[in-house]
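**Student:** I am attaching a structure below and will ask some questions about it afterwards.
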Amino acid sequence: MGLFLELERSGLEPDSVSFLGVLTACVYSGKVHEGVEFFRLMREKYFIEPSIKHYTCMVNVLGGAGLLEEAEAMIKNMPVEEDAIIWTSLLSACRKNGNVEMAERAAKCLKKLDPDETCGYVLMSNAYASFGLFEEAVEQRVLMKERKMEKEIGCSSIEVDFEVHEFVSSGKRHPKSSEIYRLLDVLNWDASALKSEVGYYSIC
């Protein structure tokens, strides 16, 4: 935020990317008033039309502060087309603040955007569980199973000597997986020994 203010003081005009950066800073620092003010300046002073990314930042700013009604109203009234990410942001804020009804509305909109996507079901199941509504949480998982929907496994890849190697969590399909896991064991042991040597213990 300090860099943004310095940019303004220098006489340079911020662009949409500058505002995306400062709004993201407001999300992580919990600066609600500042976020609202930057969003206003963007439109009223610099005449920059916010994109879906800017609106998503604002939903995170408002939702993080518990201003769920304002966050939902912003989504409904924004002039740009909604996407799954913005509803996911609202759903996460609802889970954090314990608003079951709004979480259900957000999940419904998320599922409507892409009926075959598992994200809405998984997030709503997790939200129900955090609210202590375990039967409802299980129901979401059952619906996924009945509709033959599977959560996609996260995959990472790396290119070495023009060859792409793919890995999934706890996967053992790579032809050298045994060697890789042995090396990881050695690295983990070395890291543990180093922590003990310097007197550092993780609390995680």
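**Student:** Are there GluC sites (Glu not before Pro) in segment 52-116 that DSSP marks as loop and that have at most 11 other Cβ atoms within 10 Å, and which are they? Mind showing how you got there, number by number?
**Tutor:** Working: sites: 69, 70, 72, 81, 82, 101, 104; in loops: 81, 82.
Within segment 52-116, the qualifying GluC sites (Glu not before Pro) (loop, at most 11 other Cβ atoms within 10 Å) are 81.
**Student:** Something else now. What trypsin sites (Lys or Arg not before Pro) does segment 24-85 have in DSSP loop regions with at most 12 other beta carbons within 10 Å? The partial results should precede the final answer.
**Tutor:** Details: sites: 31, 40, 43, 45, 53, 76; in loops: 31, 45.
Answer by residue number: 45.
Every read-out reported here was derived from the displayed coordinates using simple, explicitly stated rules and does not represent laboratory data. Nothing here was measured: the structure is a model prediction, and the numbers come from that model. When we count neighbours, we look across all protein chains shown, and the Cβ atoms used for this are built from the backbone with ideal geometry, even at glycine.
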